[in-house]
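These notes are about the structure you will find just below.
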Amino acid sequence: MRRTVRLVVAGLLSVIATAGIPAVAPATAAATPVTGAVFNNPTGTTAQKYAIVNRIRELIQGSPSGSTIRVAIYNTTDQNITADLIAARDRGVNVRVVVDSDRADETAATTLISALGTNRANASWVVVCTAGRACIGNLNTPIMHNKFFLFSSTLGAANVLVQSSANLNWSNSERYWNNALQVVGNTDIYNSYVAYHGDLAAKVKNNDYYRTTSVGGVKSYFFPRAGSGASTDTIANALSENVTCTGNTSTGTGTGRTMIRIAMWSFTRVEVANVLRSLANQKCWVDIVYAESTPEVLAALNHDRIMVYKLNNADGYLVHSKYMAIEGTYAGVRDTKLVFTGSHNWSYSALRENDEALLRITSASVHDAYRSNFWALRTAAGG
């Protein structure tokens, strides 16, 4: 069996050389993981384009025998990642992967399925979600849209969570702006993802799966969430119930007004747009870079204190991140800096149908990294 796996990996490296996927491995002297953000730049160098992919590869390669790697990914065509995961299993790491059924026929996925098998009684396996459905979501035609990675131990750190917006394919590195948030050592949040990953793998359908965990300035949210309207819209609630627009002394605008920055691939929920407009009426400032929206949402965002930029160019470059960075008063605390990020677009399918994860972190350093990235996105959008 071990010899077979080595042959599979060797074959993969041959495929990589002809697939247009950079086969350069990440640096061998990878740093011990700490909580922080990673961003790619699709217009930059190869290293900048593949910054997220290479960080994930470092974490896979740094996982020791006896540890466990858990992955939930909507779309993977990256043969490097597949080879790394097979090699990890070959050296004694438990590798457990959930993939969406729509993309399970990609070569990278089928090779991984062949190598790891699908029997969850074993230490390593791949689960393919229900055809035409998500793993958990069962309303209409949902997808398992997650992009997260869990490492019980890697590079000298325990309980490492990477929540990304990026699929593991060429376009998400070479054409799309994405982000990944790495959270290290928050055992309760890590375990909330472990439990969610287990529920994805079990494929028990639940159209009101919604649950949250909040510990140490970090909060996880898992979907789908049943309901209709703003009262059961997680983003609309977070904004309307927690954001105050004035009174800051060291964050936000020069006059102490709360600043909300949004990078969003798909923004179609008018309930969220209406809350943002209401906050603008209360003197918050809102800055948005988006790829897809609707006339109804864009009309609601037409306000003197809301700036909107479209980043979805004819040459295929677009914003694929799904994050919101807030600096100002949140939950009654002035001068707060926090970020929401994940696979969760501001679309109705992300809220009501799909398997999705959203992560909120209160951290000045993380916020400021996202703010810098947002400014780069806005520049790319012509703002």
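The values are calculated or read from the model by the stated rules, or taken from the named source; none is laboratory data. Remember, predicted model here, so these are calculated numbers, not experimental data. Because the Cβ atoms are built from the backbone with ideal geometry, glycine has one as well, and the counts that use them run over all protein chains shown.
Among the residues of the stretch 259-282, are any in a loop (DSSP other than H, G, I, E, B) and either under 20 Å from H344 (Cα atoms) or in contact with a Phe, Trp or Tyr (Cβ under 8 Å, 6 or more places away or on another chain) (or both)? There is at least one residue in the stretch 259-282 that is in a loop (DSSP other than H, G, I, E, B) and either under 20 Å from H344 (Cα atoms) or in contact with a Phe, Trp or Tyr (Cβ under 8 Å, 6 or more places away or on another chain) (or both).
Taking residues in the stretch 173-184 that are farther than 17 Å from T32 by Cβ, and partners anywhere that are basic (K, R), the pairs with Cβ atoms closer than 6 Å and at least 6 places apart or on different chains are S173/K49; E174/K49.
When the residues of the stretch 234-256 are narrowed to those that are at negative phi, part of a loop (DSSP other than H, G, I, E, B) and touching a strand residue (DSSP E or B) at 6+ places or on another chain (Cβ under 9 Å), which ends up surrounded by the most Cβ atoms within 10 Å (Cβ to Cβ)?
In the first step, residues of the stretch 234-256 are kept if they are at negative phi; the result is 234-246, 248-251, 253-255.
Restricting the remaining residues to those that are part of a loop (DSSP other than H, G, I, E, B) gives 245-246, 248-251, 253-255.
Now drop any that are not touching a strand residue (DSSP E or B) at 6+ places or on another chain (Cβ under 9 Å), which leaves 245-246, 248-251, 253.
Working: C245: 23, T246: 16, N248: 20, T249: 8, S250: 10, T251: 20, T253: 17.
My answer is C245.
Can you confirm whether the stretch 288-295 contains a residue that is farther than 24 Å from C245 by Cβ, over 19 Å from the mean Cα position of the chain (by Cα) and part of a helix (DSSP H, G or I)? Yes, there is a match, as at least one residue in the stretch 288-295 is farther than 24 Å from C245 by Cβ, over 19 Å from the mean Cα position of the chain (by Cα) and part of a helix (DSSP H, G or I). In summary, strands (runs of 3 or more DSSP E) completely within the stretch 1-110 and bearing 1 or more residues that are at pLDDT 95 or above, assigned by TED's automatic domain parsing to the domain that holds F151 and in contact with a Cys (Cβ under 9 Å, 6 or more places away or on another chain) occur at 68-73, 94-99. If you check D315, D335 for being out of contact with any Gly (no Cβ under 6 Å at 6 or more places or on another chain) and in a loop (DSSP other than H, G, I, E, B), only one passes: D315.
Of note, V297 does not satisfy the criterion of being buried (at least 19 other Cβ atoms within 10 Å of the Cβ), over 25 Å from T141 (Cβ atoms) and in contact with a helix residue (DSSP H, G or I) (Cβ under 6 Å, 6 or more places away or on another chain).
Table: residues versus (1) surrounded by fewer than 24 Cβ atoms within 10 Å (Cβ to Cβ); (2) within 20 Å of the chain's Cα centre (by Cα); (3) free of Cβ contacts under 8 Å to residues at least 24 places away in the same chain.
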| position | (1), (2), (3) |
| --- | --- |
| A37 | yes, yes, no |
| N41 | yes, yes, no |
| A51 | yes, yes, yes |
| I56 | no, yes, no |
| I69 | no, yes, no |
| I73 | no, yes, no |
| T77 | yes, yes, no |
| V98 | no, yes, no |
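For the residues G382, G342, the requirement of being in contact with a Phe, Trp or Tyr (Cβ under 7 Å, 6 or more places away or on another chain) and either buried (at least 24 other Cβ atoms within 10 Å of the Cβ) or on the phi > 0 side of the Ramachandran plot (or both) singles out G382.
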